[in-house]
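Novice: Here you go, one structure.
The values are calculated or read from the model by the stated rules, or taken from the named source; none is laboratory data. Not measured: the values here are computed from a predicted model. Heads up, the Cβs are rebuilt from the backbone with ideal geometry, glycines too, and the neighbour counts pull from every protein chain shown. These accessible areas exclude ligands, DNA and RNA; they are computed on the full protein's heavy atoms, side chains included. Shrake-Rupley method; radii C 1.70, N 1.55, O 1.52, S 1.80 Å.
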Amino acid sequence: MTDTSQFPDPIYRDTVLGPLFDAAKQHYAGPVRAINRAHLVMLAETGIVSADTAAALAGALEAIDAELDLPALSYTGEHEDYFFLVEDELKRRLGADLAGALHTARSRNDMDHTVFKMVLRGRADTMLGQALKLADALLETARRERDTLIVAYTHGQPAQPSTFGHYLAAAAEVLLRDIARLSTARDALDHCPMGAAAITTSGFPIDRHRMAELLGFTEPLRNSYGCIAAVDYVTGLYSAIKLMFLHLGRVVQDLQFWTAFEVGQLYVPNSFVQISSIMPQKRNPVPIEHLRHLASMTVGRAEAVISTMHNTPFTDMNDSEGEVQLAGYAAFDSGARVLALLGALLPACRVRADRVAANLDAACVTVTELADTLVRKEGLSFRQAHSIAATTARGVIAVEQPLRAGYAIFSAGFRAETGRAPKLDAAAYAEAVDPAHFVAVRDRFGGPAPAPMDEALAHYTAEASALAARHTARLDRIHTAEAASDAAFARLQPE
C-alpha cells in the first residue's frame with residue numbers, strides 16, 4: 001500500500017507539479033536521457049564509478065528507455081518530478097545504493113540549466129534556419145525587383161521614388177543584423193553548466209570538459225556559481241528574438257499601408273486574399289494582418305520571459321525555470337509562423353506600376369531632383385533651387401497636372417526667383433523630374449541605382465552565406481557529439 005502522506009497537496013500537485021511533469025514529458029525527457037548517459041560515461045572514464053557499476057547502470061538506463069511508456073504516464077504525485085521518476089526506476093531495477101551512484105557529483109541545479117540550454121539551442125537553431133530562409137527570399141525578390149519603381153514614404157506621406165528592390169534590400173539588411181544578433185545569443189547556449197553540481201562543483205575528479213563535449217557544447221561555463229545563477233542565456237536569447245520580430249513587424253505595417261485602396265502600390269495575389277462575406281468588391285489581404293499580430297505576439301511572449309527575470313536574486317531559482325521556460329517556447333512557435341508566412345507572401349506580391357505612376361504624379365515626389373539639377377546646371381544655391389522647386393510643385397498640384405507637364409510653371413517660377421530665364425529647356429526639365437532618372441542618378445554607395453544595388457545584393461548574399469555556414473557548423477557539431485556520446489555509452493554496456 002502506497003503511503004499517501006508523502007504525496008503533495010492536491011492543489012500544489014494540480015497547479016505546479018502536474019503541469020511541470022507534463023512539460024518534462026514533452027520537452028525534457030530527451031535531454032535528461034542524454035545527460036544521464038553522458039554523465040555515466042564521464043564517471044566511468046574518470047574512475048569515479050567502477051566498470052561493473054557503469055555497466056549495470058547503463059543496462060538499466062537502456063531498459064528504462066525501452067520499457068517506459070512516457071506518453072502514457074500521468075502525474076500521480078508519487079514522484080516529485082520526471083528526474084525522480086527515472087531515479088526510482090533505477091532503484092527498482094538495481095537497488096538504492098547502486099542506482100544512487102549515477103547522481104554522484106551532480107545536482108538538479110546544473111542538470112536543469114543544461115536541459116534548458118539543450119532545448120533552447122534546438123529551438124534557436126530551428127529559428128535561425130527559418131530566418132536565413134526568409135533572408136534568402138527577401139534577397140531573391142530584391143534582385144527580381146531591383147528596377148521596379150515604388151513611391152517611398154516618410155511620415156506617412158509620399159517622399160521620393162525608389163525601387164521595391166531597394167526597399168527589400170533594406171529589410172534584408174536589418175534581418176541579417178537580427179540573425180547575427182540571434183546567432184550571437186545562441187553562442188551563450190554553447191557553454192555547459194554540468195559539473196557545477198549544486199553551486200561549487202564537486203570534490204570528485206569530474207571532467208567538465210568531457211561532459212561538455214559529450215553533450216555537444218563547445219566548453220563548460222566557467223564559473224560554477226554562474227552555472228546555476230546566471231540567466232543571461234535566457235534574457236539574451238529572448239531579447240534577440242524580440243528585436244527580430246519587432247523589426248519585421250515594421251515591414252509588415254508597410255505592407256498593410258501599401259495594399260490600402262488609397263495607396264494600392266502593392267498587389268497581393270488571390271491565393272493570399274480573403275473575400276468579404278457581405279461586400280463582394282472587397283479583397284482583404286488578411287495574411288498581412290495575421291503577420292502583424294503574430295509578430296506582436298512573438299514580441300510580447302519574448303518580453304514576458306525577459307520581464308520575469310527582473311528583480312530576481314542572483315542564485316538558482318524557479319523564476320527562470322519550469323513555467324517560464326515553457327512560456328518562452330510559444331515565442332518560437334508564433335515566430336516560426338511569421339517567418340514562414342512572410343517568406344511565402346513577399347515573393348508572391350507584385351508592384352502595381354499604374355498606381356505607382358499615379359501617386360508619383362499626384363505627389364510630385366521627383367521635385368528633389370529638380371532642385372538638385374538647378375544647383376548643378378544653373379549654379380544656384382540649394383535654398384534658391386528649393387524655393388523654385390517648391391513653387392513648381394505647388395503650381396502643378398493647383399492645376400492638377402503631373403510634374404512632367406509643368407515646364408511653363410517652372411519657367412515662370414525660375415524667372416521670379418532669379419530675374420532671368422532658365423538654361424534648362426523642356427527636355428532637360430522632363431529628364432530632371434523623371435522617376436527613372438531620379439533613381440539612376442542616385443548611384444552612390446547604398447543608393448537605389450543598379451550599380452550600388454548589385455554591389456549591395458552581392459554583399460548581403462555573402463553575409464547570409466557566412467551566417468548559414470556558421471549555423472550548419474553548429475548543427476554538424478551537435479550531431480557528431482550525439483553520435484560519439486551514444487557510442488561511448490554503448491561501450492559501457494555488458495556484452
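Novice: Please identify the pairs in which a residue from region 27-51 that is open to solvent by 40 Å² or more (accessible area, probe 1.4 Å) and assigned to a helix (DSSP H, G or I) has its Cβ atom under 7 Å from the Cβ atom of a residue that is at pLDDT 95 or above and among the hydrophobic types (A, V, I, L, M, F, W, C), counting only partners at least 6 apart or on another chain.
Specialist: A51/A44
Novice: Being closer than 21 Å to L149 by Cβ and either free of Cβ contacts under 8 Å to residues at least 24 places away in the same chain or of a type outside the set (V, I, T) (or both) is the requirement here; does A385 meet it? Break it down into steps so the answer makes sense when it comes.
Specialist: Numbers: closer than 21 Å to L149 by Cβ: no; either free of Cβ contacts under 8 Å to residues at least 24 places away in the same chain or of a type outside the set (V, I, T) (or both): yes.
In short, no.
Novice: Here's a follow-up. With (1) open to solvent by 80 Å² or more (accessible area, probe 1.4 Å); (2) at pLDDT 95 or above as the list, and A331 as the residue in question, which single condition is left unmet?
Specialist: Status for A331: all satisfied but (1).
Novice: Criterion first (of a type in the set (G, A, S) and assigned to a helix (DSSP H, G or I)) does A124 satisfy it?
Specialist: Working: of a type in the set (G, A, S): yes; assigned to a helix (DSSP H, G or I): yes.
Here the answer is yes, as A124 does meet what is asked.
Novice: Name the residue, out of R208, R222, that is under 30 Å from V115 (Cβ atoms), out of contact with any Asp or Glu (no Cβ under 6 Å at 6 or more places or on another chain) and open to solvent by less than 50 Å² (accessible area, probe 1.4 Å). It would help to see each step written out before you state the result.
Specialist: Numbers: R222 fails: open to solvent by less than 50 Å² (accessible area, probe 1.4 Å).
Only one candidate qualifies: R208.
Novice: Search region 52-101 for residues being of a type in the set (S, T, Y) and in a helix (DSSP H, G or I), and hand back the single one that is modelled with the highest pLDDT.
Specialist: First pass over region 52-101, keeping only residues of a type in the set (S, T, Y): 53, 74-76, 82.
Subset that is in a helix (DSSP H, G or I): 53, 82.
Working: T53: 97, Y82: 79.
The qualifying residue modelled with the highest pLDDT is T53.
Novice: While we're on this one: Between a residue in region 436-453 that is surrounded by fewer than 16 Cβ atoms within 10 Å (Cβ to Cβ) and any residue that is among the hydrophobic types (A, V, I, L, M, F, W, C) and part of a helix (DSSP H, G or I), which pairs come within a Cβ distance under 7 Å, given they are 6 or more apart or on different chains?
Specialist: Within 7 Å, the pairs are D443/A451; G446/A456.
Novice: Let me ask another. Tell me which of these L360 doesn't satisfy, since it passes every other one: (1) at pLDDT below 95; (2) out of contact with any helix residue (DSSP H, G or I) (no Cβ under 6 Å at 6 or more places or on another chain).
Specialist: Checking L360 against (1) at pLDDT below 95; (2) out of contact with any helix residue (DSSP H, G or I) (no Cβ under 6 Å at 6 or more places or on another chain), the one that fails is (2).
Novice: Tell me which residues, restricted to region 52-75, are touching a Gly at 6+ places or on another chain (Cβ under 9 Å) and touching a residue at least 60 places away in the same chain (Cβ under 8 Å). Reasoning before the result, please.
Specialist: The initial filter retains those residues of region 52-75 that are touching a Gly at 6+ places or on another chain (Cβ under 9 Å), namely 74-75.
Matches in region 52-75: Y75 only.
Novice: What are the pairs, 6+ residues apart or on separate chains, where a residue within region 245-268 that is over 19 Å from A357 (Cα atoms) has its Cβ under 8 Å from a residue that is polar (S, T, N, Q)?
Specialist: F245/S296; F245/T298; G249/S296
Novice: Another one. Would it be correct to say that L475 is closer than 30 Å to D125 by Cα and open to solvent by 20 Å² or more (accessible area, probe 1.4 Å)?
Specialist: Values: closer than 30 Å to D125 by Cα: yes; open to solvent by 20 Å² or more (accessible area, probe 1.4 Å): yes.
Taking the combined requirement at face value, the residue satisfies it.
Novice: When both residues are 6+ apart or on different chains and their Cβ atoms are under 6 Å apart, which pairs have a first residue that lies in region 210-229 and is on the phi < 0 side of the Ramachandran plot, and a second that is of a type in the set (D, E, K, R)?
Specialist: What qualifies is A212/E219; F217/D190; T218/D190; P220/R208; C227/D110; I228/D316.
Novice: Please list, ordered by first then second residue, the pairs with beta carbon atoms under 6 Å, 6 or more apart or interchain, first in region 342-371 and touching a residue at least 24 places away in the same chain (Cβ under 8 Å) and open to solvent by 50 Å² or more (accessible area, probe 1.4 Å), second of a type outside the set (V, I, T) and in a helix (DSSP H, G or I).
Specialist: none
Quick grid of which residues meet (1) crowded, with 17+ Cβ neighbours inside 10 Å; (2) part of a loop (DSSP other than H, G, I, E, B):
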| position | (1), (2) |
| --- | --- |
| T392 | yes, no |
| L424 | yes, yes |
| H459 | no, no |
| A481 | yes, no |
| P494 | no, yes |
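Novice: Outside any helix (DSSP H, G or I) and either basic (K, R) or within 30 Å of G447 (Cα to Cα) (or both) - does that describe any residue in region 104-121? Steps first, answer last, please.
Specialist: So in region 104-121, the residues outside any helix (DSSP H, G or I) come out as 104-107.
From the residues that got through so far, the ones that are either basic (K, R) or within 30 Å of G447 (Cα to Cα) (or both) too are 106.
Within region 104-121, one or more residues are outside any helix (DSSP H, G or I) and either basic (K, R) or within 30 Å of G447 (Cα to Cα) (or both).
Novice: Is one or more of the residues making up region 157-164 in contact (Cβ under 8 Å) with a residue 60 or more places away in the chain, open to solvent by less than 40 Å² (accessible area, probe 1.4 Å) and not in a strand (DSSP E or B)? Full working, then the answer.
Specialist: Residues of region 157-164 in contact (Cβ under 8 Å) with a residue 60 or more places away in the chain: 157-164.
Still in the running and open to solvent by less than 40 Å² (accessible area, probe 1.4 Å): 159, 161-164.
Restricting the remaining residues to those that are not in a strand (DSSP E or B) gives 164.
Scanning region 157-164 turns up at least one residue that is in contact (Cβ under 8 Å) with a residue 60 or more places away in the chain, open to solvent by less than 40 Å² (accessible area, probe 1.4 Å) and not in a strand (DSSP E or B).
Novice: Which numbered condition in (1) under 38 Å from the mean Cα position of the chain (by Cα); (2) hydroxyl-bearing (S, T, Y); (3) open to solvent by 50 Å² or more (accessible area, probe 1.4 Å) is the only one that S381 fails?
Specialist: If we test S381 against (1) under 38 Å from the mean Cα position of the chain (by Cα); (2) hydroxyl-bearing (S, T, Y); (3) open to solvent by 50 Å² or more (accessible area, probe 1.4 Å), just (1) comes out false.
Novice: Right, R420: part of a helix (DSSP H, G or I), open to solvent by 50 Å² or more (accessible area, probe 1.4 Å) and out of contact with any strand residue (DSSP E or B) (no Cβ under 7 Å at 6 or more places or on another chain) or not? If you could, list the steps in order and put the result at the bottom.
Specialist: Values: part of a helix (DSSP H, G or I): no; open to solvent by 50 Å² or more (accessible area, probe 1.4 Å): yes; out of contact with any strand residue (DSSP E or B) (no Cβ under 7 Å at 6 or more places or on another chain): yes.
The answer is no for R420.
Novice: Oh, and also: Can you pull out every residue in region 127-156 that is assigned to a helix (DSSP H, G or I) and touching a strand residue (DSSP E or B) at 6+ places or on another chain (Cβ under 8 Å)? Talk me through it step by step, then tell me what you get.
Specialist: Within region 127-156, the first condition is being assigned to a helix (DSSP H, G or I), and the residues that meet it are 127-144.
Those that are assigned to a helix (DSSP H, G or I) and touching a strand residue (DSSP E or B) at 6+ places or on another chain (Cβ under 8 Å): none in region 127-156.
Novice: Now for a separate question. Can you go through L266, L326 and tell me which one is open to solvent by 20 Å² or more (accessible area, probe 1.4 Å) and in contact with a Pro (Cβ under 9 Å, 6 or more places away or on another chain)?
Specialist: L326 is the lone residue from the list that is open to solvent by 20 Å² or more (accessible area, probe 1.4 Å) and in contact with a Pro (Cβ under 9 Å, 6 or more places away or on another chain).
Novice: Of everything in region 81-100, what is within 22 Å of P10 (Cα to Cα) and in contact with a helix residue (DSSP H, G or I) (Cβ under 7 Å, 6 or more places away or on another chain)? Give them in sequence order. Before you say what the answer is, go through the steps one by one.
Specialist: Kept after step one, since they are within 22 Å of P10 (Cα to Cα), are these residues of region 81-100: 81-85, 88.
Answer for region 81-100, where residues must be within 22 Å of P10 (Cα to Cα) and in contact with a helix residue (DSSP H, G or I) (Cβ under 7 Å, 6 or more places away or on another chain): D81, Y82, F83.
Novice: Within region 272-294, is even one residue free of Cβ contacts under 8 Å to residues at least 60 places away in the same chain and in contact with a Gly (Cβ under 7 Å, 6 or more places away or on another chain)? Outline the logic, then answer.
Specialist: Here is the first cut: in region 272-294, the residues free of Cβ contacts under 8 Å to residues at least 60 places away in the same chain are 273-294.
Filter once more, keeping what is in contact with a Gly (Cβ under 7 Å, 6 or more places away or on another chain): 292.
Yes, region 272-294 contains a residue that is free of Cβ contacts under 8 Å to residues at least 60 places away in the same chain and in contact with a Gly (Cβ under 7 Å, 6 or more places away or on another chain).
Novice: Continuing with the same structure: Return the residues of region 223-259 that are of a type in the set (S, T, N, Q) and out of contact with any strand residue (DSSP E or B) (no Cβ under 9 Å at 6 or more places or on another chain); say none if nothing qualifies.
Specialist: Kept after step one, since they are of a type in the set (S, T, N, Q), are these residues of region 223-259: 223-224, 235, 239, 253, 256, 259.
Within region 223-259, N223, S224, T235, S239, Q253, Q256 qualify.
Novice: Kindly indicate the residue of region 169-210 that is touching a Gly at 6+ places or on another chain (Cβ under 6 Å) and in a helix (DSSP H, G or I) and also farthest from M42 (Cα to Cα) among those meeting that condition.
Specialist: So, considering only residues that are touching a Gly at 6+ places or on another chain (Cβ under 6 Å) and in a helix (DSSP H, G or I), the one farthest from M42 (Cα to Cα) is A185.
Novice: Quick one: how many residues across region 394-406 are buried (at least 20 other Cβ atoms within 10 Å of the Cβ) and over 44 Å from the mean Cα position of the chain (by Cα)?
Specialist: We begin by selecting, within region 394-406, every residue buried (at least 20 other Cβ atoms within 10 Å of the Cβ); these are 396, 403, 406.
Imposing the further condition that a residue be over 44 Å from the mean Cα position of the chain (by Cα) reduces the set to 396, 406.
Summing the residues that are buried (at least 20 other Cβ atoms within 10 Å of the Cβ) and over 44 Å from the mean Cα position of the chain (by Cα) in region 394-406 gives 2.
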